[in-house]
1. Suppose each label sits 7 Å from its Cα in the direction of the beta carbon; what would the Gln417-Lys389 distance come out to in nanometres?
2. Taking every pair of Cα atoms in the range 382-436, average 1/r, invert it to obtain the Kirkwood radius, and report Rg/Rh to two decimals.
3. Beta carbons within 10 angstrom, averaged per residue: use that to sort the peptides 234-246, 275-287, highest first.
4. Could you work out the equivalent-ellipsoid semi-axes for the range 302-373, taking the square root of 5 times each eigenvalue of the Cα gyration tensor, largest first, in whole Å?
5. Using unit Cβ charges (K, R positive; D, E negative) and no other charged atoms, how large, in debye to the nearest 20, is the dipole of the chain about its Cα centre?
6. Give me P(r) over the range 228-383, computed from all C-alpha to C-alpha distances, binned every 10 Å, as integer percentages.
7. So for the range 290-473, averaging the separation of alpha carbon pairs under 8 Å that are six or more residues apart and normalising by length, what relative contact order in percent results?
8. If we sort 100-111, 365-376, 52-63 on the protection proxy, mean other Cβ atoms within 10 Å, highest first, what's the order?
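What follows is calculated from the coordinates using simple rules that are stated; it is not laboratory data. What you see is a predicted model, and the numbers here were worked out from it, not measured in a lab. Counting neighbours? That spans all protein chains shown, and the Cβs are built from the backbone with ideal geometry, glycine included.
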Amino acid sequence: MGARTGKEYIERLRASRRTVQLDGETLSSGIPDHPAFRGVVRSYAELYDMQHETELRDVLTYESPSSGDRVGMSFMVPRTIDDLLRRREAMKAWADHSFGMLGRTGDYLNSALMALSQAGPWFAQADPGFAENVRAYYERVREQDLLLTHTLVPPQSNRSQGASQQLGGAVSARIVREDEGGVVIRGARLLATIGPTADELLVFPSTVLKGTPEDAPYSFAFAVSCDAPGLRFLCREPLDHGRGRFDRPLASRFDEMDAVVVFDDVHVPYERCFMLGHPELCNTFYTDTTAAVHMTHQVTARTTAKTEFMLGLITCLTEAIGIGQFQHVQENVAEAIIALEQLRALVRAAEADASANEFGVMTPRWEPLNAARNWYPKLYQRFPEILRKLGASGLMALPSEGDVRGPAAEDVQAYLQSATLSGPERVRLFHLVWDTCISAFGSRQALYEYYFFGDPVRMAGAFVGSYDREPYAARVRDFLERSGEPVPAA
């Protein structure tokens, strides 16, 4: 099959029978046409169609080593730095299409699965069968161009306790029994973004397991179809309220649904299991396989696109209302420029210093990417602040498309024009600013970026713990010793 089209993605989703709970309604069909999903499904379909555009075919796809079909570039196993650059170019092309607002496009988890598929010896520590399972699953996803989502985190019942202690251990997803064919999973997990519109769900370790015998039932990695019997998605409120692309230009296209995943005795065949038990291995699942590095490489391509969008939007806003000459505005514009160039530099540094991991996969240097993923969640919060500051009260005086095209059209044209735009053009631009920094969609983006990789405080602690600072401390100690003045003993 190889790289699929948007139509093929939608047809597969339409044929699926899954359980989605949304706003008091239980859906089992019609997902692509439901108002809550229609816009984002079509945006994802556009990404798949891009793979077949003549000018993008060689950017977004390559020849499968097994079938010879064209498959998505994010599946390619990089062996050289040039391969890494090709992967990043493809990821950036997809990210540009949504201004980086789509955080769960297929290339994100494809990158993880690619790295995992090459780490056979690591999986074989637990069971040689797991190594074969993950390799075979990777090839299946690659050849069918399946859209994956994942879930990592136990519910927020009582974060002072581990999964096995929360409410008697009956909340978090866990293995309740095994049979000849696989395992049975019961409980819940956060957070499966795009779960209702994806093909497959990867259930990966939470990496906060304590390694006790009680943690064994909560220690696993496996894949399950999103329409598996007993699996259901409990969705948050939709952010696309049918206002259309003029009033909600981002929410109407890019609202990726977030959902709690409930496992009601879901049977997972052994061939879909990549790890069972072994909490100590689960805790190093992403680091030892370098899956985290390749996932972050995709994320930085996306956030680069998002930062370029923010700089462009800030520029359009300042030009529209004639404030670009003021120094405090220029300071804000410079802030966005500096952020963009710093992000690009971190990505390029990671690629330039790439090296093959122990499994022969060319892997970007982790430290620059780790710096980027620690920095960007807090950086992103500044962009909505800048847009709100520059848009000011103009973001409050914002009539809808109905006014622009209705009885108030003359007033919009006469009184809402700007230095460079007509009244309708200015209103359309300001709706984009609104949807970026004020609307529910914009607020969700800020929250999403802040916690994308987890709690920033925990991330910072992990970064400090993993970074080799000793060579720099040694230089300082050496300098002190070279001062020539003895230090009195205590």
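1. 3.1
2. Result for the range 382-436 is an Rg/Rh of 0.99.
3. 275-287, 234-246
4. 35, 11, 7
5. Dipole magnitude for the chain comes out near 580 debye.
6. Distribution as computed: 9, 22, 28, 26, 12, 4, 0 percent.
7. Computed over the range 290-473, the figure is 23 percent.
8. Highest to lowest by the protection proxy: 100-111, 365-376, 52-63.
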